[in-house]
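Enquirer: I am attaching a structure below and will ask some questions about it afterwards.
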Amino acid sequence: MGTGFISSINSLEYLTIDVNNDNRDDIVKIYQSDGNAYVSTWGNQGNGQFNFVDIDAIGSFSNDSKYLSFDVDGDKRDDIVKIFDIGGTAHASTWRNVGNGQFDLLTIDNNIGGFGDGRQYLSFDVNMDGRVDIIELFNLNGNAGVSTWLSQGNGQFEFLTNDFTLGPASSDRQYLTLDVNGDQKTDIVEIFSGVLQTPTATSWISQGNGQFESLRPDSLGGPDSFPGTEYLTLKVNNDNKPDIVDISYYAHTGQVTTWVRDDPLTSPVYRFFNTVAGGHFFTASPTERDAVLRNLPELRYEGVGMRAAIQDGDDLIAVYRFFNTVAGGHFFTASEAERDFVIGNLPQYNFEGIGFFAHGAQASLAEDTYRFFNTVAGGHFFTTSSAERDFVMGNLSQYNFEGVSFETGFA
């Protein structure tokens, strides 16, 4: 966690945009002066600090306008989309990023539904067509309703769907978009006031079809630190993972606090297929992987199967490893009771200790890791892919599905 400072000039909203093409997300502050909207750009120095770059005007100012930042026209630069009210209807105008903190008007009038009533807007690629879309969040009978507006690639947006809700609705909730679990899909992080006004974040994991499933909430700061704080997401420390930045005010000066993503499941678990025994082998050791590649040609390398932890930590459990001296494959279990049963009753299994660490099957902190038993080869197979799970269940009758064994990260 790092802290920096940004000067305050009637600030309205903050966006994150790489304005100078250095592959670091910068902070763009939008504020009003003399009835006009201006942007001031603060360059990311890569260490949690931000330096002033430039100021530019982006049209007229209104108190209820909303701003998004994403690449509208496919030129690999994030632009600014302003959402504003015309007669109770939301309209979108696009300001194209021309580099170094300057923005030019691209399109001005695109109807995207109703306006007001606490609406919030997010932007990400909903339908995986390579274009960033607009997601409208609104109060739907006490819940956060979700409407999707698909980008046409030219500053125009067309309505797709509004058949999903995202938890309770409240005026002080904030929403961010980032890939929480490393599966290359954009998820939604809901930030709200928890116990004693402690900022609390709930991650809604994208299922790739416009639906989302929630993970366990986590805290961002201490008691009484939620009111008046604004949250952004950007990559702060060059680890290629999105982090969360909160901006609060002390003595009329903006204070920036960085919350670096803390994901224990970062170590790759390598997967091999045993072409002789017919089972799969997994290892979290690069040394063992290389030894298998050199010396065991019957084990065909299939890449990274999942991501786990190689050291114990909070909310982690051990995944135990056995070698089947008869079938020639390996068996993994996160159950201490199953481990003890195998040790006490199945002498063909040599206990090899802890293979890696993961979350428990009911933790809701990572991805379900599905387990199958190969009734022909006698070994077990594990996958985090629901598509692969469904394929095995539908096409490989020799595999008996045994449910979720533990939780790991996507490869």
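Enquirer: What residue, among those in segment 181-224 that are of a type in the set (V, I, T) and open to solvent by 30 Å² or more (accessible area, probe 1.4 Å), is modelled with the highest pLDDT? Reasoning before the result, please.
Expert: Narrowing segment 181-224 to residues of a type in the set (V, I, T): 186, 188-189, 191, 195, 198, 200, 202, 205.
Those left that are additionally open to solvent by 30 Å² or more (accessible area, probe 1.4 Å): 186, 195.
Working: T186: 83, V195: 72.
So the residue we want is T186.
Enquirer: Right, here's the next one. What tally of residues in segment 87-114 results from selecting those that are open to solvent by 30 Å² or more (accessible area, probe 1.4 Å) and not aliphatic (A, V, I, L, M)?
Expert: Result for segment 87-114: 10.
Enquirer: Between G328, G378, G355, G403, which is part of a strand (DSSP E or B) and surrounded by 13 or more Cβ atoms within 10 Å (Cβ to Cβ)? Break it down stepwise before answering.
Expert: Numbers: G328 fails: part of a strand (DSSP E or B); G378 fails: part of a strand (DSSP E or B); G403 fails: surrounded by 13 or more Cβ atoms within 10 Å (Cβ to Cβ).
Unique residue meeting the criteria: G355.
Enquirer: What number of residues within segment 168-178 are within 28 Å of T266 (Cβ to Cβ) and surrounded by fewer than 17 Cβ atoms within 10 Å (Cβ to Cβ)?
Expert: Selection size over segment 168-178: 0.
Enquirer: Tell me the residue from D312, D290 that is among the charged types (D, E, K, R) and within 12 Å of F357 (Cβ to Cβ), please.
Expert: It is D312.
Enquirer: Inside segment 294-331, can you point out the residues that are within 24 Å of Q362 (Cα to Cα) and touching a Gly at 6+ places or on another chain (Cβ under 6 Å)?
Expert: Result: R307, I317, V319, R321.
Enquirer: Further question: Would you be able to tell me the number of residues in segment 34-51 that are touching a residue at least 24 places away in the same chain (Cβ under 8 Å) and in a strand (DSSP E or B)?
Expert: Qualifying residue count for the region: 9.
Okay, residues lined up against (1) of a type in the set (A, V, I, L, M, F, W, C); (2) in contact with a Phe, Trp or Tyr (Cβ under 9 Å, 6 or more places away or on another chain):
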| site | (1), (2) |
| --- | --- |
| E336 | no, yes |
| G344 | no, no |
| Y349 | no, yes |
| G355 | no, yes |
| A361 | yes, yes |
| T369 | no, yes |
| T375 | no, yes |
| G378 | no, no |
| G409 | no, no |
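Enquirer: Quick check, is A57 among the aliphatic types (A, V, I, L, M), modelled with pLDDT of 85 or more, open to solvent by less than 10 Å² (accessible area, probe 1.4 Å) and in a strand (DSSP E or B)?
Expert: So A57 fails the test.
Enquirer: Only residues in segment 104-119 that are at pLDDT 85 or above count as the first member; pair them with residues that are small (G, A, S) and open to solvent by less than 80 Å² (accessible area, probe 1.4 Å), Cβ under 6 angstrom, at least 6 apart or cross-chain, and list the lot.
Expert: Note: pairs meeting the criteria are L106/G155; I112/A90; I112/A92; F115/G88; F115/A90.
Enquirer: A follow-up question, please. Looking at (1) touching a residue at least 24 places away in the same chain (Cβ under 8 Å); (2) touching a Phe, Trp or Tyr at 6+ places or on another chain (Cβ under 6 Å); (3) open to solvent by 20 Å² or more (accessible area, probe 1.4 Å), find the lone condition where R289 falls short.
Expert: (1)
Enquirer: Here is a follow-up. Taking the stated definitions as given, is Y301 closer than 17 Å to V269 by Cα and not basic (K, R)?
Expert: yes
Enquirer: Follow-up. Taking segment 126-151, which residues are on the phi < 0 side of the Ramachandran plot and surrounded by fewer than 16 Cβ atoms within 10 Å (Cβ to Cβ)?
Expert: N127, D129, N139, L140, N143
Enquirer: Which residues, counting only those in segment 235-283, are part of a loop (DSSP other than H, G, I, E, B), modelled with pLDDT of 80 or more and closer than 22 Å to N374 by Cβ?
Expert: Correct list: T275, V276.
Enquirer: Turning to a different aspect of this structure: Does Y320 fit the bill of being without any contact (Cβ under 8 Å) to a residue 40 or more places away in the chain and within 22 Å of Q398 (Cα to Cα)?
Expert: No, not satisfied.
The values are calculated or read from the model by the stated rules, or taken from the named source; none is laboratory data. For clarity, every value in this text was computed on a predicted model and none was experimentally measured. So basically every Cβ, Gly included, is an ideal-geometry build from the backbone, and we count neighbours across all protein chains shown. Heavy atoms of the whole protein, side chains included, go into the accessibility calculation; ligands, DNA and RNA do not. Shrake-Rupley method; radii C 1.70, N 1.55, O 1.52, S 1.80 Å.
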